[in-house]
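Rule-based calculations on the coordinates, nothing more; no lab input. Because the structure is a prediction, the values reported are computed rather than measured. When we count neighbours, we look across all protein chains shown, and the Cβ atoms used for this are built from the backbone with ideal geometry, even at glycine.
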């Protein structure tokens, strides 16, 4: 945790400047590697820290206090390195874990759920060929390894391959208002060769029914979102408070000399702190629920999977609402001078708004409601 806090502080000091520059975050990924934050989930014997997924998610939250974009990359990385234990053979999972620990690999993702069938695997002798494109692929041009979802004979498969594979191209066309440093542009695979060992799982590769345990892959990603949303809110509030103490002025009818004594500023700070802390506690509960389900292992039941997923989706709903509101209302604490472009305080809202509309939270509220009222569990997809 101390290493993550050091990195977050370093990122926060230059976050506004780097957001404006809008460059590929190679230096930021190397910062994560240099502080040994990439392999924290691998066993100590393999060179990691032996953290479980819930503990790693706390690191994502801490990094988000400094830079939402880099927390996005790290949270996705942590989720992607857990795919082999869910879908691969024990041998595949162990080999990947050893490499992650020894080489401190950074994983880029080509898993945008809305493009589930636009990357297609076809058989080519004892190997396969991968063809198609994805509109969003966070970290793909930076990754040492890529985690890819594709369709084989119409069914979902997971592929792990080196990023430099012939036939792969990162388009680097990401130009959005927020999450600018997530390297989330499109990618193209043009008849890229995929070895059998790079497809996760046993034969046969098709005709399989995913177990409830395997479908925890989606709550993995959702918990990453939860933590970089609430971490962003925590960091944005702290940044706003620091600025207010030094620069803000009270309103002329407040009857006080300092902004820090203005009753309405104090009220707003109290409301935001309370809401952010409540959402953070729900995020902690979600992490514990998912980790408990992971600890059950392959014997996990459908109901146990549903309970874990719903805990994550409750947190997803609340952290989305609270973080967006906080990122907007912080200006009520700081005042109009804080809207000066040079400060870059608007980046918090831009980052949150950009990511949250990629996965509309209204659907999470509906899934929580359907489970609560009708005991209908969310049907598995890469969004739920």
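Taking Cα atoms only, the orientation of helix 68-80 departs from the longest principal axis of the chain by about 30 degrees.
Can you compute the helix-only [θ] at 222 nm over the chain? Use -39500 (n - 2.57) per DSSP H run of at least 4 residues, normalise by all residues, nearest 500 deg cm²/dmol. Calculated mean residue ellipticity at 222 nm is -17000 deg cm²/dmol.
Helix 361-374 axis versus longest C-alpha principal axis of the chain: approximately 70°, rounded to the nearest ten. Relative contact order, whole percent, for segment 1-150 stands at 22, derived from Cα pairs under 8 Å and 6 or more residues apart. Annotation for segment 264-336 versus segment 134-211: alpha-carbon center distance of 29 Å.
Full extension of the chain between residue 190 and residue 165 yields a length gain of 8.0 nm, computed as 0.36 nm times the residue separation minus the alpha carbon distance.
Counting only alpha carbon atoms, the long axis of helix 90-103 and the longest principal axis of the chain meet at about 50°. Considering only 340, 253, 232, the Gaussian network model of the chain with Cα springs below 10 Å gives its largest mean-square fluctuation to 253. Could you check which residue among 112, 22, 295 shows the biggest mean-square fluctuation in a GNM of the chain with a 10 Å Cα cutoff? Its mean-square fluctuation being the largest, the pick is 295.
Relative protection proxy for 166-177, 140-151, 24-35, 208-219, from highest mean packing down: 140-151, 208-219, 24-35, 166-177 (other beta-carbon atoms within 10 angstrom). For the pair residue 266 and residue 133, label points projected 7 Å from Cα toward Cβ lie 5.8 nm apart. Note on residue 258 and residue 208: the model spin-label points, each 7 Å out from Cα along the C-beta direction, lie 6.1 nm apart.
Under the criterion of Cα pairs below 8 Å and six or more residues apart, the relative contact order for the chain equals 17 percent.
At each listed q (0.14, 0.19, 0.21, 0.25 Å⁻¹), what is the log10 of I(q)/I(0) that the Debye formula gives for segment 320-384 modelled as equal alpha-carbon point scatterers? So the normalised log intensities work out to -0.57, -0.77, -0.86, -1.04. With N the number of residues in segment 107-198, Rg(Cα) / (2.2 N^0.38 Å) evaluates to 1.02.
At a Förster distance of 25 Å, what's the computed FRET efficiency of residue 376 paired with residue 295, Cβ-Cβ distance as r, to 0.05? The calculated FRET efficiency here is 0.45.
GNM remark for the chain: springs join alpha carbons under 10 Å apart, and the peak mean-square fluctuation among 221, 349, 243 falls on 243. Within segment 214-374, the proportion of Cα pairs with more than 27 Å between them is 35 percent. With 10 Å bins beginning at zero, the pair-distance distribution over Cα atoms of segment 2-103 amounts to 16, 47, 27, 10, 1 %.
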